[in-house]
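Here is the structure we will look at, set down as structure tokens.
The values are calculated or read from the model by the stated rules, or taken from the named source; none is laboratory data. These figures come from a predicted structure and were not determined experimentally. All Cβ positions, glycine included, derive from the backbone under ideal geometry; neighbour counts span all protein chains shown. For accessibility, only protein heavy atoms count, side chains too; no ligands or nucleic acids. Shrake-Rupley method; radii C 1.70, N 1.55, O 1.52, S 1.80 Å.
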Amino acid sequence: MLVSHTVLDYAGIEVAEVACRHRSGRGAETEPSSGYGLVFVRRGCFVRHADGAREVLDPTVAFARAPGQEQHYDHPTDAGDDCTALTFDEPTAAALWGAAPPERPLTVSARLDFAHRQLLAEGRRGADPDALYEHAVNLAAATLSQSEPEPLHAARPSSRRARRRLVHDTREALAEAPARALPALARELGVSPHHLSRVFHAHTGHTIAQHRLQLRGRAALERIANGEDSLARLAAELGFADQSHLTRTIRQQTGHTPTQLRTLIHSGSPAPGS
């Protein structure tokens, strides 16, 4: 029995937790893969047959798949297995791996293993879709490009200037429209979502999703300082998931709740530690 639960379906990427409970033995008849994807094994072991190759898959590796790829799975034990499956639309897949997905399993380091488990946990909690999207893109790109890293510090001066310009353009675009999602932003700037996310993080120290949240937090503080008294309206108009999300964000960014900040601002008292 195979059970799949989707925790993110956003802008061309789907993230799902997949549980397989087949008894040991040969799997079902060969069937075509349904889409582009990258699968991480969280628990257990199984054997995948695809394109004439036989690969044993366990939590130390991930594998890529493409639409129409003939495959079937064997199960060496009755214990079953659990996986984290990332599925991409065609443009996202092309940006990640070019003309074709890698044919061999990809080594999953401890860091990458933690990253895909963290992505799944964040998805279960209903985290911000933009943050989840960026996490998923970067996880996939990091897994796919381990053998050919491209350190930013090794770039030519002209490349460094181009990347700084890209970061500046990203800041300008988000200042104008903070709600602009990473895929749309990348299309507008003429780069892949992964490249944009990676360059922005390298230059600023935080992700685009985190930067967007900082901008929303600053906008909320400005309106609180100007007398806004409805946190629910503020949350809805600034793109927070709800009033609780607004309150958590403000507290994380400032150490105070919106109500405390309103009191401090309008009483003229300095914030503790300022």
Alpha-carbon centroid distance for the pair the range 46-115 / the range 1-27, whole angstrom
12 Å
The answer for the chain, accessible area per residue at 1.4 Å probe in Å², is 52 Å²
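Over the chain, what is the relative contact order in percent, taking alpha-carbon pairs closer than 8 angstrom and at least six residues apart?
It rounds to 14 percent for the chain.
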Loop-only check: which GluC sites (Glu not before Pro) in the range 1-65 are DSSP coil with at most 14 other Cβ within 10 angstrom?
29
On the accessible surface of the chain, probed at 1.4 Å, how many percent belong to carbon and sulfur atoms?
51 percent
So how much slack lies between residue 51 and residue 74, counting 0.36 nm per residue of separation and subtracting their Cα-Cα distance, in nm?
6.8 nm
Normalising by the residue count of the range 20-136, find the relative contact order in percent from Cα pairs under 8 Å and 6+ residues apart.
31 percent
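At 1.002 mPa s and 20 °C, plugging the Kirkwood radius over alpha-carbon pairs of the range 196-243 into Stokes-Einstein gives what diffusion coefficient in µm²/s?
182 µm²/s
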In the chain, which longest range has no trypsin sites (Lys or Arg not before Pro) that are both DSSP loop (not H, G, I, E or B) and surrounded by at most 15 other Cβ atoms within 10 Å?
126-274
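How large is the convex hull of the C-alpha atoms of the chain per residue, in Å³?
Value for the chain: 155 Å³ per residue.
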